[in-house]
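A short write-up of the structure that comes next.
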Amino acid sequence: EAGVTQFPSHSVIEKGQTVTLRCDPISGHDNLYWYRRVMGKEIKFLLHFVKESKQDESGMPNNRFLAERTGGTYSTLKVQPAELEDSGVYFCASSQLQTLEQYFGPGTRLTVT
Amino acid sequence: AQSVTQLDSQVPVFEEAPVELRCNYSSSVSVYLFWYVQYPNQGLQLLLKYLSGSTLVKGINGFEAEFNKSQTSFHLRKPSVHISDTAEYFCAVSWSNQFYFGTGTSLTVIP
């Protein structure tokens with residue numbers, strides 16, 4: 001069974017540019033989560049999808065971040081325009097409904113210069 | 001909201017020595033507790049979890065953790081570490097459908 005995959009693995013962009021991160025969850029997992037880790041700090045929750053619906057987006061930093069999950073399969077997280085403080089590692093995780101165990105992807109390392 | 005504290009950011013330990021990675025959380029209500037491990041260039045992998053029942057939880061790769069409600073702690077232990085245990089370890093609390101992570105502990109096993 002394929003795990004959670006994320007693309008790209010690394011992205012370096014300039015301040016003001018746009019970046020889109022993609023996450024493909026494990027097939028059949030209705031829950032999809034986005035997290036971010038700024039260097040040296042804790043992994044912080046960004047948002048949670050159940051199928052295609054946003055269940056909780058209380059962790060989204062501001063309106064420069066837009067997450068979508070059309071069709072309830074893969075998800076994208078767009079940052080527009082990117083700022084220096086957006087640099088970090090963005091993790092995606094998925095799980096089945098009614099289970100607590102989340103399966104994480106390898107993360108996308110975003111560097112904004 | 002919850003907070004999770006991992007006081008040790010880096011822990012060096014010699015091969016075959018025991019190790020304890022500390023984790024404390026803030027909540028006084030019921031929570032679910034997890035330890036995840038991240039090997040280089042990989043995603044987070046679940047080591048073990050405490051949902052209910054026995055306070056001593058055994059996980060993969062010989063790790064175990066003990067839930068202590070009175071001290072709000074969930075320390076991770078291994079009696080004898082291997083080189084392959086070198087990785088970053090994250091403690092996490094699940095509460096109200098959210099995961100709260102600590103800042104991570106980087107374990108380095110020295111040959």
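The values are calculated or read from the model by the stated rules, or taken from the named source; none is laboratory data. Note that this is a predicted model, so its numbers are computed, not measured. Quick reminder, even Gly has a Cβ in these numbers, built from the backbone with ideal geometry, and neighbours come from all protein chains shown. Remember, those area values only see protein heavy atoms, side chains included, never the ligands or the DNA or RNA. Shrake-Rupley method; radii C 1.70, N 1.55, O 1.52, S 1.80 Å.
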Considering only the stretch A:61-84, I want to know if a residue exists there that is part of a loop (DSSP other than H, G, I, E, B), of a type in the set (S, T, N, Q), closer than 17 Å to A:Thr5 by Cβ and modelled with pLDDT under 95.
yes
Determine which member of the set A:Val38, A:Val112 is farther than 22 Å from B:Leu48 by Cβ, at pLDDT 95 or above and of a type in the set (Val, Ile, Thr).
A:Val112
Would you check if there is a residue in the stretch A:53-67 being surrounded by 13 or more Cβ atoms within 10 Å (Cβ to Cβ), among the hydroxyl-bearing types (Ser, Thr, Tyr) and within 12 Å of chain B (Cβ to nearest Cβ)?
no
Check the stretch A:81-88 and report whether any residue there is within 14 Å of chain B (Cβ to nearest Cβ) and open to solvent by less than 40 Å² (accessible area, probe 1.4 Å).
yes
Unmet criterion (only one of (1) part of a strand (DSSP E or B); (2) over 30 Å from B:Gln6 (Cα atoms)) for A:Gln55
(2)
If A:Gln98 meets every condition in (1) away from every other protein chain (no Cβ under 12 Å); (2) over 14 Å from the mean Cα position of the chain (by Cα); (3) under 25 Å from B:Cys91 (Cα atoms) apart from one, which number is that one?
(1)
The stretch B:1-53 - residue that is open to solvent by 60 Å² or more (accessible area, probe 1.4 Å) and of a type in the set (A, V, I, L, M, F, W, C) and, of those, nearest to the chain's Cα centre (by Cα)
B:Leu7
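For (1) surrounded by 15 or more Cβ atoms within 10 Å (Cβ to Cβ); (2) assigned to a strand (DSSP E or B); (3) in contact with a His (Cβ under 9 Å, 6 or more places away or on another chain), each residue gets a yes or a no:
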site	(1), (2), (3)
A:Leu21	yes, yes, no
A:Gly28	no, no, no
A:Leu32	yes, yes, yes
A:Arg36	yes, yes, no
A:Gly40	no, no, no
A:Lys44	yes, yes, no
A:His48	yes, yes, no
A:Arg109	yes, yes, yes
Counted residues, the stretch B:54-105 - those being open to solvent by 40 Å² or more (accessible area, probe 1.4 Å), within 14 Å of chain A (Cβ to nearest Cβ) and in a strand (DSSP E or B)
3
Search result, residues across the stretch A:8-18 that are surrounded by fewer than 16 Cβ atoms within 10 Å (Cβ to Cβ) and over 11 Å from A:Gly107 (Cβ atoms):
A:Val12, A:Glu14, A:Lys15, A:Gly16, A:Gln17, A:Thr18
